[in-house]
Amino acid sequence: MSVLHKKRMEDLKVSGEKVLVRCDFNVPMKEGSITDDIRIRAALPTVEYLLKENAAVILMSHLGRPKGEANPKYSLKPVAQRIGELLNKQVLFADDNLVTGETAQQMASALKPGEILLLQNVRYRKEEEKNDTLFSKELASLGTMYVNDAFGTAHRAHCSTTGLAEYLPAAMGFLIEREVQFLGKALENPEKPFVAILGGAKVSDKIGVIENLMTKVDILIIGGGMAYTFLKAKGFEIGKSLLEEDKLDLATELMEKAAASNVTMLLPVDTVTADAVSEDAAYKTVMMENMPVDGIGVDIGPETINQYTKAIKEAKTVVWNGPMGVFEINAFANGTREVAKALAASDAVTIIGGGDSAAAVEQLGFAEAMTHISTGGGASLEFLEGKLLPGIAAIPEK
Ligand SMILES: Nc1ncnc2c1ncn2[C@@H]1O[C@H](COP(=O)(O)OP(=O)(O)O)[C@@H](O)[C@H]1O
Ligand SMILES: O=C(OP(=O)(O)O)[C@H](O)COP(=O)(O)O
């Protein structure tokens, strides 16, 4: 998917206009406080551009899954405050349970160029996720132009992500453009050798990505919980590690396909095995052939780390999606940490899919060293599967 021919904000004459901007402000919260504002920071270049170009900015987002009902737990008010702090500027908040009710209408109508208004959580309305025509029109009536910059929600066809483009002059924002440029270049025109590292819990979540990347990469590295289904298919004892029994045949097929396409597929040769997935578990490292029958594989071992980091060192492009082990538990975070470290030290173009791998890279302090960390988990996964994302498809061509 390319965005070369998609309308950019420069293609709209935004001066004096009221621009509705869909962002992904679906940020993690704890007791009403934002615990990670990366998605908010990632949206700022678009907002700043529009302000500089003399537009009035009306921001929209969802937060969590309130299932079509107003629920203060999912209010975007803390987000309005955080944007204000980051921009050092007042951000008005339309605390309107109908999202587009009288309060929002009055505030939008009074908004002047250079001012910012954030609407309430668009998922307070059940119509949002149905891409309902009337709700799209209600949203459209608040502004005069539409910019979609919600990459993290680009895999959803909702009123605020796709519907609006039918009713207002529309363009993409800088974040969507940046995400698609990095992810798209890796898929379409990667500098070689191209290494993909896939981990995380389940094979079933990653089948599409494995299949799509199989035709493009030189080396496919498998780690995390899903590696054990592949190892079992190869005949190894995997004890009580994560196993998707119904994906064993598929795992065999994928390994055969890799061999037939000259793709090197690397699987763990050693593993950390624990008696439980918990902080106080007893654990040790074993070669795969010595895996105990009652052990649970929770991380890749040092020899595997050696092999994986060697492949990363030789790569010119690396795409990483999914942790190498149960990194939430410190004792099992080593594989994920070492892979992150190898990526940080590499001169290659390094692209991190969103979700847990992005969180891990940030937690471990390697974020600055990566070429691009996606703000979308599900969205980057679907992008890497080669799917057309509706939020991007809806942006008109130039
Ligand atoms: N060996 C393992 N056994 C069980 N769970 C694992 C293992 N390795 C990784 N995980 C878990 O996988 C989860 C992340 O998987 P997933 O959601 O697929 O990744 P992502 O969000 O990066 O796509 C993490 O919670 C992690 O603890
Ligand atoms: O956080 C999001 O998804 P992600 O955790 O897969 O990145 C997006 O905001 C989409 O949210 P949704 O999966 O409730 O539609």
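The values are calculated or read from the model by the stated rules, or taken from the named source; none is laboratory data. Quick caveat, the model's predicted, so the values are computed rather than measured. Positions of Cβ are backbone-derived with ideal geometry, glycine not excepted, and every protein chain shown enters the neighbour counts. The area values use the complete protein model at the heavy-atom level, side chains included, leaving out ligands, DNA and RNA. Shrake-Rupley method; radii C 1.70, N 1.55, O 1.52, S 1.80 Å.
Consider the range 10-56. How many of its residues are part of a helix (DSSP H, G or I), closer than 25 Å to GLY378 by Cα and either of a type outside the set (Gly, Ala, Ser) or open to solvent by 10 Å² or more (accessible area, probe 1.4 Å) (or both)? Give the steps one after another, and end with the answer.
Initially, the range 10-56 is screened for residues part of a helix (DSSP H, G or I), giving 10-11, 38-52.
When the remaining residues are screened for being closer than 25 Å to GLY378 by Cα, the result is 38-47.
From the residues that got through so far, the ones that are either of a type outside the set (Gly, Ala, Ser) or open to solvent by 10 Å² or more (accessible area, probe 1.4 Å) (or both) too are 38-42, 44-47.
Total satisfying the criteria: 9.
All but one of (1) part of a helix (DSSP H, G or I); (2) away from ligand 2 (no atom under 14 Å from the Cβ) hold for ASP347, so report the exception by its number.
(1)
Which one of these is away from ligand 1 (no atom under 16 Å from the Cβ), on the phi < 0 side of the Ramachandran plot and of a type in the set (Asp, Glu): GLU31, GLU10?
GLU10
So GLU85 clears everything in (1) surrounded by 15 or more Cβ atoms within 10 Å (Cβ to Cβ); (2) part of a helix (DSSP H, G or I) except one condition, right? Which one?
(1)
Given the residues LEU76, LEU59, LEU63, LEU98, which is the only one that is open to solvent by 10 Å² or more (accessible area, probe 1.4 Å) and either out of contact with any His (no Cβ under 8 Å at 6 or more places or on another chain) or not basic (Lys, Arg) (or both)?
Details: LEU76 fails: open to solvent by 10 Å² or more (accessible area, probe 1.4 Å); LEU59 fails: open to solvent by 10 Å² or more (accessible area, probe 1.4 Å); LEU63 fails: open to solvent by 10 Å² or more (accessible area, probe 1.4 Å).
Sole residue among the options that is open to solvent by 10 Å² or more (accessible area, probe 1.4 Å) and either out of contact with any His (no Cβ under 8 Å at 6 or more places or on another chain) or not basic (Lys, Arg) (or both): LEU98.
Check MET265, MET291 and return the single one that is closer than 17 Å to GLY223 by Cβ, more than 14 Å from ligand 1 (Cβ to nearest atom) and surrounded by 17 or more Cβ atoms within 10 Å (Cβ to Cβ). Steps first, please.
Numbers: MET291 fails: more than 14 Å from ligand 1 (Cβ to nearest atom).
The conditions single out MET265.
Name the one entry in LEU254, LEU243 that is in contact with a helix residue (DSSP H, G or I) (Cβ under 7 Å, 6 or more places away or on another chain) and either in a helix (DSSP H, G or I) or closer than 30 Å to LYS192 by Cα (or both).
Numbers: LEU243 fails: either in a helix (DSSP H, G or I) or closer than 30 Å to LYS192 by Cα (or both).
Exactly one residue qualifies, and that residue is LEU254.
Taking the range 192-214 as the search range and keeping residues that are within 11 Å of ligand 1 (Cβ to nearest atom) and in contact with a strand residue (DSSP E or B) (Cβ under 6 Å, 6 or more places away or on another chain), which one is nearest to GLY322 (Cα to Cα)? Outline the logic, then answer.
As a first pass, look at the range 192-214 and keep what is within 11 Å of ligand 1 (Cβ to nearest atom): 197-206, 209.
Then drop every residue that is not in contact with a strand residue (DSSP E or B) (Cβ under 6 Å, 6 or more places away or on another chain), which leaves 197-198, 206.
On the way: ILE197: 8, LEU198: 6, LYS206: 9 Å.
Only one residue fits best here, namely LEU198.
Out of everything in the range 200-234 that is open to solvent by less than 30 Å² (accessible area, probe 1.4 Å) and within 16 Å of ligand 2 (Cβ to nearest atom), what residue ends up being nearest to THR304 (Cα to Cα)?
The residue in question is GLY200.
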